[in-house]
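Each remark here refers to the structure printed beneath this line.
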Amino acid sequence: MKRGASSGPPDASLNAGIMRTVTILGALALAALLPLQATTLQILSVDTMVAKSTLIVRARPTPVSSFQRAGLIYTSYRLDVSATLKGSAVTNLQVAVPGGNYQGLHQAVAGSPGLQAGADYVFFVWTAPSGSNYIIGLSQGLFEVHTNSSGAVVLTRGPADAKTLDAAGGTVSDNGVTLPLTDLQAKIAQGGKP
């Protein structure tokens, strides 16, 4: 037998090191796939969102790209605007939504809206000092557009999938919102004042 050769089992410490590395890599991969659980939203009334919005538009989204900023992945959507309800009239704009896929990583953000390409929505948009556009209150500022049986346009938003608080910091339930488009238009005309 040659010197240094072994006919016995592989080194136990080598196996332990490999298993530790595999476990750590598996945990990191799992963490990258799990949603961020730290999202907490303050419940915003429609009046508050009207007052704080830079723009309110009826539009259909198309995802165009994704990017990462400060460890958070964003998906950028182009909005093809059919009506500007508040703010300067626009035909299209881009909004950044937290969460998405970027360079092989996926990140889900609790409370962030899920947009369906081509669906009809009303967006409450806030423009940051940097010029980037965001949906106010994450999913709270996105309403699906429907037409009811009498032909009236109705906006709906389901409950946020994140912990929700009132203005005083107490935990509250978010039951979602349904309102006719005409009610939103009246709130906009009043400047978001109840």
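The values are calculated or read from the model by the stated rules, or taken from the named source; none is laboratory data. This is a predicted model, so every value here is computed, not measured. Cβ coordinates were reconstructed from backbone atoms using ideal geometry, including for glycine residues, and neighbour counts include every protein chain displayed. Protein only, heavy atoms only, side chains kept; ligands, DNA and RNA dropped before computing areas. Shrake-Rupley method; radii C 1.70, N 1.55, O 1.52, S 1.80 Å.
Each listed q (0.11, 0.18 Å⁻¹) maps to a log10 I(q)/I(0) for the range 78-194, found by the Debye formula over equal Cα scatterers with no solvent: -0.43, -1.15.
Residues of the range 51-89 falling in the label zone of Ser130, defined by backbone nitrogen less than 20 Å from a point 7 Å along Cα to beta-carbon, are 53-55, 63-79. The charge dipole of the range 77-194, taken about its Cα centre with unit charges on the Cβ atoms of Lys, Arg (+1), Asp and Glu (-1) only, comes to about 220 debye.
Measuring r between the beta carbons of Ser82 and Ser150 and using R0 = 25 Å, the FRET efficiency lands at 0.70. Between Gln185 and Asn101, the FRET efficiency from the beta-carbon distance, with R0 = 30 Å, is close to 0.25. Highest average first, the peptides 52-59, 170-177, 130-137, 112-119 ordered by how many other beta carbon atoms sit within 10 Å of their residues are 52-59, 130-137, 112-119, 170-177.
I'd like to check one number: the per residue accessible area of the range 62-132, probe 1.4 Å, reported in Å² as a whole number.
With all protein chains present, the range 62-132 gives 49 Å² per residue.
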